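Have a look at this one.
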Amino acid sequence: MGLFGRKKKRTLVIGLDGVPYTLLQELISNGTMPNVARLASLGHLSQMKVTLPEISAVSWPSFMTGTNPGTHGIYGFIDPKPGSYDIRFPNFRDLKAPTFWDRMGDKKRSVVINQPSTYPAREIPGVLVSGFVALSLKKAVAPLRILADLEGMGYKIDVDTARARGDHDFLFEELESTLATRRAAALHFWEKENWDFMQVVVTGTDRLMHYLWTAIEDESHERHEQAMKYFTAVDAMIGELSGRFDSENGRDREGEGFFMLSDHGFCGIKQEVRINRWLADNGFLSFEKEEPSSMEDIAEGSKAFAVAPGRIFLNRRGRFPKGSVDDASACSIMDEIKSGLSGLTFDGDPVIQHVFERDEVYSGPETRNAPDLIPVGHHGYDLKDSVKERELFGRTNLTGMHTWDDAFFLSLDAPPAGSPPDGGSELEITQLAGIIMEAVG
């Protein structure tokens, strides 16, 4: 019954960074994740779309605020500095909308572990341990009194991505040790804090799929068994936490108040697509140097440029120092770019699924800072912003990429609106805050 000796109405959320709905269905069907299979049989597993661009830096703020980037203000891991082509790194202080932990107030105490996009940590009604991109554990915790507990268990925020990307023996060692400390932290705060809401996010899933997607989908791959064992280890932690939740939770039925989600989907990479190269090749972008080092080398007269992962900004007068695009010509330039990208192919296959204008996908007071165009690649075509590459298409040692239309949401409460039990794709990540807050009560 826990440290506080009584049952109470609680809510538990487990996040699996990047795990796609379609892959989760396979892992359920082939027996790799039996605990998730049991939970799915009890509840409603739904496919879900996320906000754009389909990256963790944007999706997790959309989840935790229940708003789109036009309201919460986060459009990527990097953004152009106001009035500049130089870049900045938005952080938790830049979030313009309250999280649902804040909105639940002091009457509901939250424990949030390894939540991406919350660095540097700040006080919430409860306990917060930031996830990536967190540079210092000391600055990733609030309140500071929990730091000693985390240091004592050897808590790890993330795998060493720089080394793990190329050293796959090391990757699996890091995945195992990081998951172990994630479990230890969850169990520790489960007992030590009198919480109403707990959330635990696993980010190793994202790392594995970026570096070894081929091992996941190819049963003959030398790392396939290791990859499946990792998912089984994640499943074991889910089973342990969900089992404890059922035994201690003051609810009327098994699993009530339990949720799982991912922040985007995943698929294999066919080609990386350098959007700045395409803009340059098609007369929209030029540089002052033959070999530019950054977007600060942009030349006068350029009409557009891209920022990671492939967001396109018009080089507007008044917004950027060398701006050349006025309001009268903006629409025609956007139409040209949309038409050109929509016709882009690789070996006869279409590359771009859709090019959205900002007002199609964003709403709110922060829309003024949004990119003008947001292209979305077909599965397999990973959009990039490199200014140094001379070729439009290419590959690195990454084998997996994000998708925006194949995230998942698992609810053991009533099925969310717009999300039939058979896994329809109408659910959007911005709906989850409201669903979870209703469960917390």
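Considering only segment 317-335, state which residues are touching a residue at least 24 places away in the same chain (Cβ under 8 Å) and not polar (S, T, N, Q). Quick ask: steps written out before the conclusion?
Of the residues in segment 317-335, the ones touching a residue at least 24 places away in the same chain (Cβ under 8 Å) are 319-322, 324, 330, 333-334.
Result: Arg319, Phe320, Pro321, Lys322, Ala330, Ile333, Met334.
Select from segment 78-121 the residues that are of a type in the set (A, V, I, L, M, F, W, C), over 21 Å from Leu147 (Cα atoms) and in contact with a Lys or Arg (Cβ under 8 Å, 6 or more places away or on another chain) and list them in ascending order.
Here is the first cut: in segment 78-121, the ones of a type in the set (A, V, I, L, M, F, W, C) are 78, 87, 89, 92, 95, 97, 100-101, 104, 111-113, 121.
Those left that are additionally over 21 Å from Leu147 (Cα atoms): 78, 87, 89, 95, 97, 100, 104.
Listed by number, the residues that qualify are Ile78, Ile87.
Matching residues to (1) within 26 Å of Ser56 (Cβ to Cβ); (2) at pLDDT 95 or above; (3) of a type in the set (Val, Ile, Thr); (4) surrounded by 22 or more Cβ atoms within 10 Å (Cβ to Cβ):
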{"site": "Lys270", "(1), (2), (3), (4)": "yes, yes, no, no"}
{"site": "Val273", "(1), (2), (3), (4)": "yes, yes, yes, yes"}
{"site": "Asn276", "(1), (2), (3), (4)": "yes, yes, no, yes"}
{"site": "Leu285", "(1), (2), (3), (4)": "no, yes, no, yes"}
{"site": "Met295", "(1), (2), (3), (4)": "yes, yes, no, yes"}
{"site": "Ala299", "(1), (2), (3), (4)": "no, yes, no, no"}
{"site": "Ser302", "(1), (2), (3), (4)": "no, yes, no, yes"}
{"site": "Phe305", "(1), (2), (3), (4)": "yes, yes, no, yes"}
{"site": "Ala308", "(1), (2), (3), (4)": "yes, yes, no, no"}
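Can you tell me which condition Ser220 does not meet? The list is (1) of a type in the set (S, T, N, Q); (2) touching a Phe, Trp or Tyr at 6+ places or on another chain (Cβ under 8 Å); (3) assigned to a loop (DSSP other than H, G, I, E, B), and all the others hold.
(2)
Here is a check on your reading of the model: is Ser363 touching a residue at least 40 places away in the same chain (Cβ under 8 Å), under 15 Å from Gly310 (Cβ atoms) and polar (S, T, N, Q)?
no
Still on this structure: From the list Gly377, Gly364, which one is crowded, with 21+ Cβ neighbours inside 10 Å, under 30 Å from Met260 (Cβ atoms) and assigned by TED's automatic domain parsing to the domain that holds Ile298? Walk me through how you get there before you give the answer.
Numbers: Gly364 fails: crowded, with 21+ Cβ neighbours inside 10 Å.
Residue meeting the stated conditions: Gly377.
Further, regarding this structure: Hey, Phe266 hits all of (1) touching a Gly at 6+ places or on another chain (Cβ under 8 Å); (2) surrounded by fewer than 22 Cβ atoms within 10 Å (Cβ to Cβ) but one; which does it fall short on?
Of everything listed in (1) touching a Gly at 6+ places or on another chain (Cβ under 8 Å); (2) surrounded by fewer than 22 Cβ atoms within 10 Å (Cβ to Cβ), Phe266 misses just condition (2).
Among the residues that make up segment 131-153, is at least one of them closer than 25 Å to Leu398 by Cβ and either outside the structural domain of Phe63 (by TED's automatic domain parsing) or of a type in the set (Ser, Thr, Tyr) (or both)? First the steps, then the outcome.
Going residue by residue through segment 131-153, those that are closer than 25 Å to Leu398 by Cβ are 131-135.
With either outside the structural domain of Phe63 (by TED's automatic domain parsing) or of a type in the set (Ser, Thr, Tyr) (or both) added as a condition, the list becomes none.
No, because not a single residue in segment 131-153 is closer than 25 Å to Leu398 by Cβ and either outside the structural domain of Phe63 (by TED's automatic domain parsing) or of a type in the set (Ser, Thr, Tyr) (or both).
Another question, if that's okay. Name the single residue, out of those in segment 170-186 being within 11 Å of Val202 (Cβ to Cβ) and hydrophobic (A, V, I, L, M, F, W, C), that is surrounded by the most Cβ atoms within 10 Å (Cβ to Cβ). Steps first, please.
First, pick out the residues of segment 170-186 that are within 11 Å of Val202 (Cβ to Cβ): 175, 178-179, 182-183, 186.
Remaining after also requiring hydrophobic (A, V, I, L, M, F, W, C): 175, 179, 186.
Numbers: Leu175: 24, Leu179: 21, Ala186: 21.
Looking at residues that are within 11 Å of Val202 (Cβ to Cβ) and hydrophobic (A, V, I, L, M, F, W, C), I get Leu175.
Which pairs do you get when a residue that is among the aromatic types (Phe, Trp, Tyr), found in segment 81-110, comes within reach of a residue that is in a helix (DSSP H, G or I), reach meaning Cβ atoms under 6 angstrom, with the pair 6+ apart or on two chains?
Short answer, once both residue conditions are applied: Tyr85/Met295; Tyr85/Glu296; Phe100/Ala433; Phe100/Met437.
Within segment 421-433, can you find the residues that are at pLDDT below 95, surrounded by 14 or more Cβ atoms within 10 Å (Cβ to Cβ) and over 19 Å from Val36 (Cβ atoms)?
Filtering segment 421-433 down to residues at pLDDT below 95 leaves 421-426.
Subset that is surrounded by 14 or more Cβ atoms within 10 Å (Cβ to Cβ): 423, 425-426.
The answer is Ser425, Glu426.
Step by step: first the residues of segment 35-55, then only those that are crowded, with 23+ Cβ neighbours inside 10 Å and out of contact with any Gly (no Cβ under 7 Å at 6 or more places or on another chain), then the one that is farthest from Pro365 (Cα to Cα). Which residue is that?
It comes out as Val36.
The values are calculated or read from the model by the stated rules, or taken from the named source; none is laboratory data. Worth saying up front: this structure is predicted, and the values here are computed from it rather than measured. A quick note on method: Cβ atoms are made from the backbone with ideal geometry, for glycine too, and the neighbour counts reach across all protein chains shown.
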